[in-house]
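Some notes on the structure that comes next.
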Amino acid sequence: LSAKCIGRWRHQALTRALLMWEERANAPRRLKVLSSRVLARWTNRAVTAAWNPWYENVVMAKRLRALSRRVVMRWTHGTLSKGMERWYDQVVKARRATKASLRWKNHV
């Protein structure tokens, strides 16, 4: 690596010319790659325009199915659902009471 750097330093003018030649030789290839990407995006624009609304509809349909499934389950198992909700509320209240008592205990 150091020999390469020293060689470039000793032959700066030649190195500059070689680097310019390399850059100019690679420029058409780089432009060809960039233009093919732009062309691909442009041609796929219509596909993308159709894809995004379709994908949003699929996501919304999944959410609505899950929501309707939960609603139907609550309707069919109303008593069980109410019991679970009450149990959950009691657990939350018990945890709050335990935290409050621990805070009071540590404070006093």
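The table that follows gives values for the structure above.
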{"item": "Fully extended contour minus Cα-Cα distance, from residue 9 to residue 59, at 0.36 nm per residue", "result": "12.0 nm"}
{"item": "Percent carbon-and-sulfur accessible area, the chain, ignoring ligands, DNA and RNA, probe 1.4 Å", "result": "63 percent"}
{"item": "Size of electric dipole in the chain: Cβ of Lys, Arg +1 and of Asp, Glu -1, about Cα centre, debye, nearest 20", "result": "340 debye"}
{"item": "Among (i) 7.5; (ii) 8.0; (iii) 20.1, the entry that matches mean projected area of the Cα convex hull in nm² as calculated here", "result": "(iii)"}
{"item": "Per residue value of the accessible surface for the chain (all protein chains in place, 1.4 Å probe), Å²", "result": "101 Å²"}
{"item": "Theoretical ellipticity at 222 nm over the chain - DSSP helices of four or more residues, -39500 (n - 2.57) apiece, nearest 500", "result": "-34000 deg cm²/dmol"}
{"item": "Nitroxide proxy distance, nm - points 7 Å out along Cα→Cβ at residue 18 and residue 52", "result": "4.8 nm"}
{"item": "Lysine pair count for the range 24-106 [Cα-Cα under 29 Å; pairs on different chains or 8 or more apart]", "result": "4"}
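The values are calculated or read from the model by the stated rules, or taken from the named source; none is laboratory data. None of the values given here were measured: they were computed from a predicted structure. So basically every Cβ, Gly included, is an ideal-geometry build from the backbone, and we count neighbours across all protein chains shown. These area figures cover heavy atoms from the full protein model, side chains too; ligands, DNA and RNA do not enter into them. Shrake-Rupley method; radii C 1.70, N 1.55, O 1.52, S 1.80 Å.
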